[in-house]
1. Within the range 72-96, whose backbone N sits under 16 Å from a point 7 Å along Cα→Cβ of Ala114?
2. Binning every alpha carbon pair distance of the chain at 10 Å from zero, what are the percents per bin?
3. By the gyration tensor of its Cα atoms, with a ≥ b ≥ c the square roots of the eigenvalues, what is the shape of the range 194-242: rounded for a/c under 1.5, prolate for a/b over b/c, or oblate?
4. Taking every Cα atom in the range 8-115, find the radius of gyration and the maximum pairwise distance Dmax, and write them in Å.
5. What nm value, rounded to one decimal, do you get for the distance between Ser34 and Arg185 when each label is placed 7 Å out toward the C-beta?
6. So if I place +1 on the C-beta of Lys and Arg and -1 on the C-beta of Asp and Glu, and nothing else carries charge, what would the dipole magnitude of the range 8-115 be about its Cα centre? I want it in debye, nearest 20.
7. Per 0.36 nm of contour for each residue apart, how much would the distance between Arg9 and Leu178 grow if the chain were fully extended, relative to their Cα-Cα spacing?
8. Along the Cα-to-Cβ line of Asp77, 7 Å from the Cα, sits a label point; which residues in the range 9-42 have backbone N less than 16 Å from it?
Amino acid sequence: MADTFPGGRDFISEAFKKHLVPSAAIPTLLASLSDATIKQYSTALRSGWSFCKSNQVPLFEPTVQQTLEFLAQKLPDISSFSSLNTLRSAISLVSHNEIGNHPIIRRFCKGVAALKPPHPRYDFIWDPAPVIAKLATIYPYDSIPLKIITWKLVLLLALGTGHRAQTLNFVKLSHISLGDKTLIRIPDRLKTSAPGRPQPLFYFSRFSDCENLCIVRLLERYIHVTRDLRPPSCDRLFISYSKPFKPVSAQSISRWIKLGLGYCGIDTSIFSAHSTRHASTSLAAQKGITSDLIKRAAGWSGESRVFAAFYNRPIINQEDFTKAVLLS
């Protein structure tokens, strides 16, 4: 056994080899796992690797007893059933005997679900109205620093679409069709991507009577201001607002959203960047947008109960969703 954990992707590749998967097929199998999934599994697999190394347990063929010992050992550190389910799924992926699907393992997980049931992250959510009112004051753009323009754009996009920072990170200049009816396509693979599920498609109307909250106007300004700053081959919409002006990660966009929320008076010690998803979808629901339209706008499947269970907190047509949130 190696002295150091090789990394999630290499560990999974080695597991496929142990399953006698032909080398030529391994890249295709790995392609079935998104980068986000591999990153999520890597933490779980690192824990499993350490347990196996310390207890002389076969890496890819643990017994039911050994798997239960590992899960029970991790239980105090597991905050929710979803965390345990990630562990179980990761173990099942790399184990030769699909141990994660054994009836006793599944029964254990069911017990954890009873002991640590999933709860919404927030019991209430901030009111978007003061945030939108503050953003409306950031206009006209001629004398506004790029940093503040960037914060406003990521916040308006997050609120106006209900999507994650990861989705915004995949917005590319080549997929933006600017006009009075602006279209943004997101063909890249996302966390919510699945066979048969349409990729995000954003429509934004020009707010002629409310230019200070117009996403189309702000997009045009941002693209103009960053045109001479971005590297020649850079197709990503968002670049850093300080040198060397390179494309940024989803984590940077999350940080900008959080900074923007703080700038607008939201207590970011309580609310994360992802709370924009709660706030915008909850407000859209209060404004009468149907659950089906909210799910489609924010990227949930029609059958998903996530919005009702975790996002619709007290306080489509993509254009209707955006107008309901920003022109409230």
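1. In the range 72-96, the label zone of Ala114 (backbone N under 16 Å from the point 7 Å along Cα→Cβ) covers 81.
2. Each 10 Å bin holds this share of Cα pairs: 5, 22, 28, 22, 16, 6, 1.
3. oblate
4. Considering the range 8-115 through its Cα atoms, Rg and Dmax are 13.6, 43 Å.
5. Between Ser34 and Arg185, the simple spin-label model gives 2.0 nm.
6. Charge dipole of the range 8-115: 140 debye, to the nearest 20.
7. Fully extending the segment from Arg9 to Leu178 adds 57.0 nm.
8. Those under the cut-off are 40-42.
Read the figures in this text as sums done on the coordinates, not as results from a lab. Nothing here was measured: the structure is a model prediction, and the numbers come from that model. Methodologically, a virtual Cβ is constructed for each residue, glycine included, from the backbone with ideal geometry; neighbour enumeration extends over all protein chains shown.
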